[in-house]
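Scroll down for the structure; my scribbles are underneath it.
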Amino acid sequence: MTGISGTVASSGQLLGMRVLLGLEEALYLPSALALPACYHGPETRGKAAALHAISLHAGQVAGGTLGGFLGELIGWRFCLYTLGSAGLVLAAATRLLLLEPQKSEVPERGPLLA
């Protein structure tokens, strides 16, 4: 969505694309929060979830700051194309490097359901 946002022709279209990006990230969050539970045991799970949450907020702050700076420096369209391309590279790397946990490794019940 970020890269595609660079192709818009009006501010209304840009707003619509950014709203769709927000919806996309809202759909991503539940599965992303489940990853620490699959890859970490009870002793490190909280730290892993906290690191993920901190990273999300740090990315928002850095993205807004660096995006504004790069937008002024190289233009907002090229900035969106560049950051969208970087996101695709990171998504591909994640797909290749992040292995699906075995079914036996995934807990059947969380601590609240036990």
For this session: Give the number of residues within the range 21-79 that are hydroxyl-bearing (Ser, Thr, Tyr) and touching a residue at least 24 places away in the same chain (Cβ under 8 Å).
Result: 1
For this session: Specify which of the listed residues (83, 27, 20, 15) is in contact with a Gly (Cβ under 8 Å, 6 or more places away or on another chain) and modelled with pLDDT of 85 or more.
Result: 83
For this session: Return only the number of the condition from (1) out of contact with any His (no Cβ under 9 Å at 6 or more places or on another chain); (2) surrounded by 11 or more Cβ atoms within 10 Å (Cβ to Cβ) that residue 36 does not satisfy.
Result: (1)
For this session: Output the residue which, of all residues in the range 1-45 that are over 20 Å from the mean Cα position of the chain (by Cα) and in a helix (DSSP H, G or I), is nearest to residue 84 (Cα to Cα).
Result: 13
For this session: Could you list all residues from the range 52-68 that are surrounded by 11 or more Cβ atoms within 10 Å (Cβ to Cβ) and more than 26 Å from residue 78 (Cβ to Cβ)?
Result: 52, 53
Seminar exercise, completed: Here the residues within the range 52-105 that are among the acidic types (Asp, Glu) and under 29 Å from residue 37 (Cβ atoms) are 100, 105
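The values are calculated or read from the model by the stated rules, or taken from the named source; none is laboratory data. Fair warning: this is a prediction, and the values are worked out from it, not measured in the lab. Note that each Cβ is placed from the backbone with ideal geometry, even for glycine, and that neighbours are counted across all protein chains shown.
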